[in-house]
Amino acid sequence: MKMKYTLYSFLFILIALCNSCQVKKPVDTTEAKVYKTENIMVLVVDGPRYSETWGDSTHRYIPHMANDLAKSGIICSNFYNDGFTYTSSGHAALCTGYKQQLENTKGSQLPDYPSYFQYYLKKTNKPASDAWIITSKDKLAMLANCNDAEWKDKYNPSINCGNNGQGSGYRNDLKTFQEIKNVLSADHPHMLLVNFKEPDGAGHANDWNKYLKGIVETDSLVWEIWKYIQTDIYYKDKTTLFVTNDHGRHLDGWKDGFVSHGDDCEGCRHINLFAYGPDFKSGIILDKTYAQVDLTATIAELAGLKMPYGQGKVIKELFK
Ligand SMILES: [Zn+2]
Ligand SMILES: [Zn+2]
(Lines give C-alpha, C1' and ligand atoms only; values in the text may rest on other atoms or scores of the structure.)
(Ligands and ions follow the chains in the order given, each with its own letter.)
Protein backbone atom coordinates (compact mmCIF):
# COMPACT_ATOMS: atom_id res chain seq x y z
CA MET A 1 0.00 0.00 0.00
CA LYS A 2 2.80 2.35 0.98
CA MET A 3 4.65 1.41 -2.21
CA LYS A 4 1.62 2.32 -4.29
CA TYR A 5 1.28 5.66 -2.51
CA THR A 6 4.95 6.50 -3.17
CA LEU A 7 4.51 5.63 -6.84
CA TYR A 8 1.53 7.98 -7.12
CA SER A 9 3.52 10.75 -5.43
CA PHE A 10 6.39 10.19 -7.82
CA LEU A 11 4.09 10.34 -10.84
CA PHE A 12 2.46 13.48 -9.52
CA ILE A 13 5.82 15.22 -9.08
CA LEU A 14 6.91 14.07 -12.53
CA ILE A 15 3.77 15.52 -14.15
CA ALA A 16 4.20 18.78 -12.23
CA LEU A 17 7.82 19.00 -13.37
CA CYS A 18 6.87 18.36 -17.01
CA ASN A 19 4.27 21.10 -16.85
CA SER A 20 6.75 23.57 -15.47
CA CYS A 21 9.23 22.66 -18.20
CA GLN A 22 6.78 23.54 -20.93
CA VAL A 23 7.30 26.75 -22.86
CA LYS A 24 6.24 29.61 -20.69
CA LYS A 25 6.57 32.32 -23.33
CA PRO A 26 3.35 34.34 -23.55
CA VAL A 27 1.44 33.39 -26.66
CA ASP A 28 1.31 36.50 -28.82
CA THR A 29 -1.09 35.72 -31.64
CA THR A 30 -0.44 39.01 -33.45
CA GLU A 31 3.24 38.12 -33.78
CA ALA A 32 2.85 34.42 -34.30
CA LYS A 33 2.18 34.32 -38.03
CA VAL A 34 4.46 35.48 -40.77
CA TYR A 35 2.72 36.97 -43.75
CA LYS A 36 4.02 37.88 -47.19
CA THR A 37 2.22 41.22 -46.99
CA GLU A 38 4.61 44.14 -46.55
CA ASN A 39 2.34 46.94 -47.77
CA ILE A 40 -1.34 47.59 -47.12
CA MET A 41 -3.48 49.89 -49.25
CA VAL A 42 -7.10 50.73 -48.50
CA LEU A 43 -9.04 52.51 -51.25
CA VAL A 44 -12.34 54.02 -50.09
CA VAL A 45 -14.83 54.91 -52.80
CA ASP A 46 -17.21 57.38 -51.16
CA GLY A 47 -20.87 56.46 -51.01
CA PRO A 48 -21.98 54.20 -53.88
CA ARG A 49 -24.96 51.94 -53.28
CA TYR A 50 -24.59 48.17 -53.43
CA SER A 51 -27.45 48.17 -55.95
CA GLU A 52 -25.34 50.04 -58.53
CA THR A 53 -22.15 48.07 -57.85
CA TRP A 54 -21.97 44.37 -56.85
CA GLY A 55 -25.70 44.17 -56.26
CA ASP A 56 -26.30 44.83 -59.97
CA SER A 57 -25.81 41.45 -61.65
CA THR A 58 -24.61 43.09 -64.90
CA HIS A 59 -21.84 44.99 -63.04
CA ARG A 60 -22.13 47.57 -65.82
CA TYR A 61 -20.78 50.45 -63.72
CA ILE A 62 -17.84 48.51 -62.24
CA PRO A 63 -16.42 46.73 -65.32
CA HIS A 64 -12.82 46.67 -64.09
CA MET A 65 -13.71 45.38 -60.65
CA ALA A 66 -15.95 42.69 -62.14
CA ASN A 67 -13.81 41.64 -65.13
CA ASP A 68 -10.22 42.47 -64.19
CA LEU A 69 -9.90 42.51 -60.40
CA ALA A 70 -12.46 40.06 -58.95
CA LYS A 71 -10.64 36.95 -60.18
CA SER A 72 -7.42 38.02 -58.45
CA GLY A 73 -9.00 38.39 -55.01
CA ILE A 74 -12.11 38.00 -52.91
CA ILE A 75 -15.44 39.78 -53.18
CA CYS A 76 -17.27 40.04 -49.88
CA SER A 77 -20.96 40.15 -50.72
CA ASN A 78 -22.24 40.82 -47.19
CA PHE A 79 -20.05 43.64 -45.96
CA TYR A 80 -21.58 46.41 -43.86
CA ASN A 81 -21.19 49.76 -42.24
CA ASP A 82 -22.94 48.74 -39.02
CA GLY A 83 -22.04 51.97 -37.24
CA PHE A 84 -22.71 55.52 -38.40
CA THR A 85 -23.33 55.75 -42.14
CA TYR A 86 -21.61 58.96 -43.12
CA THR A 87 -18.12 59.89 -44.29
CA SER A 88 -16.22 60.87 -41.12
CA SER A 89 -17.54 57.99 -39.04
CA GLY A 90 -17.24 55.40 -41.81
CA HIS A 91 -13.60 56.27 -42.45
CA ALA A 92 -12.81 56.49 -38.72
CA ALA A 93 -14.31 53.03 -38.17
CA LEU A 94 -12.02 51.68 -40.91
CA CYS A 95 -8.94 53.37 -39.43
CA THR A 96 -9.50 52.89 -35.69
CA GLY A 97 -11.67 49.75 -35.63
CA TYR A 98 -14.08 51.67 -33.40
CA LYS A 99 -17.57 52.90 -34.29
CA GLN A 100 -18.01 56.49 -33.23
CA GLN A 101 -20.28 59.39 -34.06
CA LEU A 102 -18.16 62.25 -35.41
CA GLU A 103 -18.75 65.76 -36.69
CA ASN A 104 -19.08 65.33 -40.46
CA THR A 105 -18.89 68.77 -42.08
CA LYS A 106 -15.52 70.29 -41.25
CA GLY A 107 -13.49 67.42 -39.84
CA SER A 108 -13.29 69.40 -36.58
CA GLN A 109 -13.54 66.36 -34.29
CA LEU A 110 -10.79 63.80 -33.93
CA PRO A 111 -11.50 60.10 -33.39
CA ASP A 112 -11.26 59.05 -29.72
CA TYR A 113 -8.83 56.23 -30.41
CA PRO A 114 -5.63 55.80 -32.45
CA SER A 115 -5.69 54.44 -35.99
CA TYR A 116 -3.75 51.49 -37.32
CA PHE A 117 -1.42 54.10 -38.87
CA GLN A 118 -0.37 55.31 -35.43
CA TYR A 119 0.08 51.80 -34.07
CA TYR A 120 2.09 50.91 -37.17
CA LEU A 121 4.44 53.94 -36.96
CA LYS A 122 4.98 53.40 -33.25
CA LYS A 123 5.74 49.71 -33.71
CA THR A 124 8.09 50.12 -36.66
CA ASN A 125 9.68 53.43 -35.67
CA LYS A 126 9.38 54.48 -39.33
CA PRO A 127 9.11 58.13 -40.39
CA ALA A 128 5.71 59.68 -41.19
CA SER A 129 6.52 59.38 -44.89
CA ASP A 130 6.06 55.59 -44.61
CA ALA A 131 2.31 55.92 -43.98
CA TRP A 132 0.00 58.18 -45.99
CA ILE A 133 -3.62 59.28 -45.91
CA ILE A 134 -4.50 60.77 -49.32
CA THR A 135 -8.09 62.00 -49.69
CA SER A 136 -10.20 64.08 -52.05
CA LYS A 137 -12.15 65.35 -49.01
CA ASP A 138 -10.16 67.80 -46.89
CA LYS A 139 -12.12 67.00 -43.71
CA LEU A 140 -10.60 63.50 -43.63
CA ALA A 141 -7.26 64.97 -42.52
CA MET A 142 -8.66 64.31 -39.02
CA LEU A 143 -7.99 60.58 -39.56
CA ALA A 144 -4.28 61.16 -38.92
CA ASN A 145 -4.76 62.01 -35.24
CA CYS A 146 -6.90 61.14 -32.21
CA ASN A 147 -7.98 62.45 -28.81
CA ASP A 148 -6.48 59.67 -26.71
CA ALA A 149 -4.04 61.40 -24.36
CA GLU A 150 -1.36 58.74 -24.88
CA TRP A 151 -1.51 59.06 -28.66
CA LYS A 152 -2.56 62.60 -29.58
CA ASP A 153 -0.02 64.31 -31.88
CA LYS A 154 2.20 61.21 -31.82
CA TYR A 155 3.05 58.75 -34.58
CA ASN A 156 0.83 60.65 -37.01
CA PRO A 157 0.94 59.53 -40.67
CA SER A 158 1.50 61.98 -43.52
CA ILE A 159 -1.59 63.60 -44.98
CA ASN A 160 -2.48 64.94 -48.40
CA CYS A 161 -6.14 65.95 -48.14
CA GLY A 162 -8.46 68.15 -50.20
CA ASN A 163 -7.19 71.16 -52.11
CA ASN A 164 -4.61 72.01 -49.49
CA GLY A 165 -5.35 70.35 -46.16
CA GLN A 166 -8.06 70.84 -43.53
CA GLY A 167 -10.52 73.62 -44.45
CA SER A 168 -9.38 73.93 -48.09
CA GLY A 169 -12.35 72.14 -49.70
CA TYR A 170 -12.74 68.97 -51.77
CA ARG A 171 -10.59 68.29 -54.80
CA ASN A 172 -11.19 66.27 -57.96
CA ASP A 173 -10.51 62.51 -57.74
CA LEU A 174 -8.21 62.66 -60.77
CA LYS A 175 -6.04 65.15 -58.89
CA THR A 176 -6.06 62.80 -55.89
CA PHE A 177 -5.01 59.96 -58.18
CA GLN A 178 -2.07 62.06 -59.39
CA GLU A 179 -1.07 62.76 -55.78
CA ILE A 180 -1.22 59.01 -55.01
CA LYS A 181 1.14 58.23 -57.89
CA ASN A 182 3.53 60.98 -56.79
CA VAL A 183 3.63 59.72 -53.21
CA LEU A 184 3.97 56.03 -54.17
CA SER A 185 6.89 56.74 -56.49
CA ALA A 186 8.66 59.17 -54.14
CA ASP A 187 8.15 57.60 -50.69
CA HIS A 188 7.12 53.96 -51.36
CA PRO A 189 4.95 53.97 -48.21
CA HIS A 190 4.06 50.68 -46.56
CA MET A 191 0.64 51.98 -45.46
CA LEU A 192 -1.79 53.96 -47.61
CA LEU A 193 -5.43 54.96 -47.23
CA VAL A 194 -7.22 56.74 -50.07
CA ASN A 195 -10.60 58.46 -50.30
CA PHE A 196 -12.23 59.23 -53.65
CA LYS A 197 -15.09 61.71 -53.12
CA GLU A 198 -17.27 60.32 -55.92
CA PRO A 199 -19.90 59.10 -56.37
CA ASP A 200 -20.98 60.72 -53.07
CA GLY A 201 -20.61 64.29 -54.34
CA ALA A 202 -22.80 63.75 -57.40
CA GLY A 203 -25.36 61.86 -55.31
CA HIS A 204 -25.81 64.80 -52.95
CA ALA A 205 -26.18 67.06 -56.01
CA ASN A 206 -29.14 64.86 -57.06
CA ASP A 207 -27.44 64.15 -60.41
CA TRP A 208 -28.16 60.49 -61.24
CA ASN A 209 -26.03 60.35 -64.41
CA LYS A 210 -23.06 62.00 -62.72
CA TYR A 211 -23.52 59.64 -59.76
CA LEU A 212 -23.24 56.65 -62.12
CA LYS A 213 -20.30 58.28 -63.89
CA GLY A 214 -18.64 58.67 -60.47
CA ILE A 215 -18.91 54.92 -59.92
CA VAL A 216 -17.46 54.19 -63.39
CA GLU A 217 -14.58 56.65 -62.96
CA THR A 218 -13.56 55.48 -59.51
CA ASP A 219 -13.71 51.89 -60.81
CA SER A 220 -11.12 52.87 -63.43
CA LEU A 221 -8.92 54.67 -60.84
CA VAL A 222 -8.97 51.55 -58.63
CA TRP A 223 -7.95 49.53 -61.72
CA GLU A 224 -5.05 51.93 -62.38
CA ILE A 225 -3.79 51.52 -58.81
CA TRP A 226 -4.12 47.72 -59.04
CA LYS A 227 -2.00 47.81 -62.22
CA TYR A 228 0.53 50.08 -60.51
CA ILE A 229 0.95 47.45 -57.78
CA GLN A 230 1.56 44.74 -60.41
CA THR A 231 4.35 46.64 -62.12
CA ASP A 232 6.18 48.39 -59.27
CA ILE A 233 9.16 46.66 -57.69
CA TYR A 234 8.24 47.96 -54.19
CA TYR A 235 4.69 46.65 -54.35
CA LYS A 236 4.45 43.64 -56.64
CA ASP A 237 3.60 40.36 -54.83
CA LYS A 238 3.86 41.93 -51.37
CA THR A 239 0.94 44.32 -51.24
CA THR A 240 -2.52 43.73 -49.84
CA LEU A 241 -5.23 45.90 -51.35
CA PHE A 242 -8.70 46.52 -49.97
CA VAL A 243 -11.33 48.40 -51.95
CA THR A 244 -14.34 49.42 -49.89
CA ASN A 245 -16.80 52.22 -49.07
CA ASP A 246 -17.48 54.47 -46.11
CA HIS A 247 -21.26 54.07 -46.48
CA GLY A 248 -23.97 53.47 -49.08
CA ARG A 249 -27.06 55.62 -49.75
CA HIS A 250 -30.79 55.37 -49.03
CA LEU A 251 -32.73 52.75 -50.93
CA ASP A 252 -35.08 53.92 -53.69
CA GLY A 253 -38.43 54.89 -52.20
CA TRP A 254 -36.95 55.65 -48.79
CA LYS A 255 -36.56 59.35 -47.83
CA ASP A 256 -34.82 61.07 -50.79
CA GLY A 257 -33.33 57.84 -52.17
CA PHE A 258 -29.84 57.96 -53.70
CA VAL A 259 -29.41 61.67 -52.87
CA SER A 260 -28.64 61.16 -49.16
CA HIS A 261 -27.47 58.71 -46.56
CA GLY A 262 -26.90 58.49 -42.83
CA ASP A 263 -29.48 56.15 -41.30
CA ASP A 264 -29.66 52.39 -40.86
CA CYS A 265 -31.55 51.44 -44.03
CA GLU A 266 -30.10 48.54 -46.03
CA GLY A 267 -28.99 50.96 -48.77
CA CYS A 268 -26.88 52.99 -46.34
CA ARG A 269 -25.46 49.95 -44.56
CA HIS A 270 -24.67 47.43 -47.32
CA ILE A 271 -21.29 48.30 -48.88
CA ASN A 272 -18.56 46.68 -50.97
CA LEU A 273 -15.35 44.98 -49.99
CA PHE A 274 -12.77 43.58 -52.36
CA ALA A 275 -9.68 42.01 -50.80
CA TYR A 276 -6.55 41.13 -52.71
CA GLY A 277 -3.07 40.14 -51.59
CA PRO A 278 -0.35 37.51 -51.35
CA ASP A 279 -1.82 36.02 -48.17
CA PHE A 280 -5.38 35.84 -49.46
CA LYS A 281 -7.32 33.39 -51.55
CA SER A 282 -8.42 34.45 -55.00
CA GLY A 283 -11.38 34.14 -57.31
CA ILE A 284 -13.98 33.51 -54.63
CA ILE A 285 -17.03 35.27 -53.27
CA LEU A 286 -17.35 35.34 -49.49
CA ASP A 287 -20.95 35.68 -48.33
CA LYS A 288 -20.40 35.60 -44.57
CA THR A 289 -21.44 38.88 -42.93
CA TYR A 290 -18.67 41.23 -41.84
CA ALA A 291 -18.40 44.93 -41.00
CA GLN A 292 -15.91 47.78 -41.33
CA VAL A 293 -14.28 47.24 -37.93
CA ASP A 294 -13.52 43.65 -39.00
CA LEU A 295 -11.44 45.03 -41.86
CA THR A 296 -9.39 47.01 -39.31
CA ALA A 297 -8.86 43.84 -37.26
CA THR A 298 -7.70 42.09 -40.44
CA ILE A 299 -5.22 44.89 -41.21
CA ALA A 300 -3.92 44.67 -37.64
CA GLU A 301 -3.48 40.90 -38.06
CA LEU A 302 -1.51 41.33 -41.30
CA ALA A 303 0.69 44.07 -39.85
CA GLY A 304 1.18 42.41 -36.45
CA LEU A 305 -0.48 45.26 -34.55
CA LYS A 306 -2.43 45.08 -31.32
CA MET A 307 -5.40 47.44 -31.30
CA PRO A 308 -7.01 47.10 -27.87
CA TYR A 309 -9.89 49.48 -28.64
CA GLY A 310 -10.82 47.60 -31.83
CA GLN A 311 -14.37 46.22 -31.91
CA GLY A 312 -13.87 43.90 -34.89
CA LYS A 313 -12.72 40.37 -35.58
CA VAL A 314 -10.29 39.14 -38.21
CA ILE A 315 -11.92 38.08 -41.49
CA LYS A 316 -10.32 34.64 -41.36
CA GLU A 317 -11.92 33.33 -44.55
CA LEU A 318 -9.79 35.73 -46.63
CA PHE A 319 -6.57 33.95 -45.69
CA LYS A 320 -4.97 31.07 -47.58
ZN1 LIG B 1 -22.26 62.02 -48.37
ZN1 LIG C 1 -30.52 55.08 -45.62
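Looking at this structure, is D200 free of Cβ contacts under 8 Å to residues at least 60 places away in the same chain and under 24 Å from S57 (Cα atoms)? Can you show your working first?
On the way: free of Cβ contacts under 8 Å to residues at least 60 places away in the same chain: no; under 24 Å from S57 (Cα atoms): yes.
Answer is no for this residue.
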Among the residues of the range 187-208, is there at least one that is over 21 Å from the mean Cα position of the chain (by Cα), crowded, with 20+ Cβ neighbours inside 10 Å, among the aromatic types (F, W, Y) and assigned to a helix (DSSP H, G or I)?
-> no
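For the range 65-91, how many residues meet the condition of being closer than 17 Å to F196 by Cβ, assigned to a helix (DSSP H, G or I) and under 16 Å from the mean Cα position of the chain (by Cα)?
Here is the first cut: in the range 65-91, the residues closer than 17 Å to F196 by Cβ are 65, 69, 81, 86-88, 90-91.
Checking the rest, the ones that are also assigned to a helix (DSSP H, G or I) come to 65, 69, 87-88, 90-91.
From what is left, the residues that are under 16 Å from the mean Cα position of the chain (by Cα) are 87-88, 90-91.
Going through the range 65-91 one residue at a time, the tally reaches 4.
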Would you mind listing the strands (runs of 3 or more DSSP E) fully within the range 228-320 where at least 2 residues are in contact with a Ser or Thr (Cβ under 6 Å, 6 or more places away or on another chain) and within 20 Å of W54 (Cα to Cα)?
-> 270-276
How many residues of the range 188-219 are aromatic (F, W, Y) and within 14 Å of ligand 1 (Cβ to nearest atom)? The answer is 2
Filtering the range 30-64 down to residues that are of a type in the set (D, E), outside any strand (DSSP E or B) and modelled with pLDDT of 95 or more yields E38, E52, D56
So which of S129, S108, S168, S158 is closer than 22 Å to V222 by Cβ and of a type outside the set (A, V, I, L, M)?
-> S158
Failed item in (1) touching a residue at least 40 places away in the same chain (Cβ under 8 Å); (2) under 19 Å from the mean Cα position of the chain (by Cα), with K126 passing the rest = (2)
E266 is checked against (1) in contact (Cβ under 8 Å) with a residue 12 or more places away in the chain; (2) within 16 Å of ligand 1 (Cβ to nearest atom) and fails just one. What number does that condition carry?
-> (2)
G107: passes all of (1) within 13 Å of the chain's Cα centre (by Cα); (2) among the small types (G, A, S); (3) within 16 Å of ligand 1 (Cβ to nearest atom) but (1)
Residues satisfying the stated conditions in the range 107-122, i.e. in a loop (DSSP other than H, G, I, E, B) and closer than 14 Å to I133 by Cβ = G107, L110, P111, P114, S115
Given (1) in contact with a Pro (Cβ under 6 Å, 6 or more places away or on another chain); (2) buried (at least 19 other Cβ atoms within 10 Å of the Cβ), where does A297 come up short, assuming only one miss?
-> (1)
Qualifying positions in the range 163-198 - under 27 Å from Q109 (Cα atoms) and polar (S, T, N, Q) | N163, N164, Q166, S168, N172, T176, N195
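What number of residues in the range 232-269 are hydroxyl-bearing (S, T, Y) and within 9 Å of ligand 2 (Cβ to nearest atom)? I'd like the intermediate steps shown before the answer.
So the first thing to find is which residues in the range 232-269 are hydroxyl-bearing (S, T, Y), and the list is 234-235, 239-240, 244, 260.
Subset that is within 9 Å of ligand 2 (Cβ to nearest atom): 260.
Here the count works out to 1.
The values are calculated or read from the model by the stated rules, or taken from the named source; none is laboratory data. Fair warning: this is a prediction, and the values are worked out from it, not measured in the lab. In this analysis, Cβ positions are derived from the backbone assuming ideal geometry, glycine residues included, and neighbour counts consider all displayed protein chains.
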